[in-house]
Amino acid sequence: DKTFANLLDNMIPNAHFRVIHNHDIIPHCPFQSMKYQHHATEVWYPNDMAPGDAYMVCLGQEDPSCSAS
């Protein structure tokens, strides 16, 4: 939930991240409507994650320009 995500972000800032593949459904379950909240810093591969593929680093907890798009 948001309380835990905020706690994690505050306790160990900039020391953790999550890597998301373009077609991975798991990062979207459970849903935000169920009060689920990711911690900050997402590394999103909007492609096939082949060597050299581009990726985006998103600093917020639920950045709408990354996998939440």
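Here are the numbers:
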item: So Asp48, is it part of a helix (DSSP H, G or I), out of contact with any helix residue (DSSP H, G or I) (no Cβ under 8 Å at 6 or more places or on another chain) and charged (D, E, K, R); result: no
item: Tally, over segment 33-61, of residues that are within 12 Å of the chain's Cα centre (by Cα) and of a type in the set (A, V, I, L, M); result: 5
item: Single residue of segment 14-36 satisfying the filter (assigned to a loop (DSSP other than H, G, I, E, B) and modelled with pLDDT under 80) that is surrounded by the most Cβ atoms within 10 Å (Cβ to Cβ); result: Tyr36
item: Breaking point among (1) assigned to a loop (DSSP other than H, G, I, E, B); (2) modelled with pLDDT under 85, for Asp9; result: (1)
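The values are calculated or read from the model by the stated rules, or taken from the named source; none is laboratory data. Since the structure is predicted, the reported quantities are computational estimates derived from the model, not experimental observations. Glycine gets a Cβ as well: all are built from the backbone with ideal geometry, and neighbour counts include every protein chain shown.
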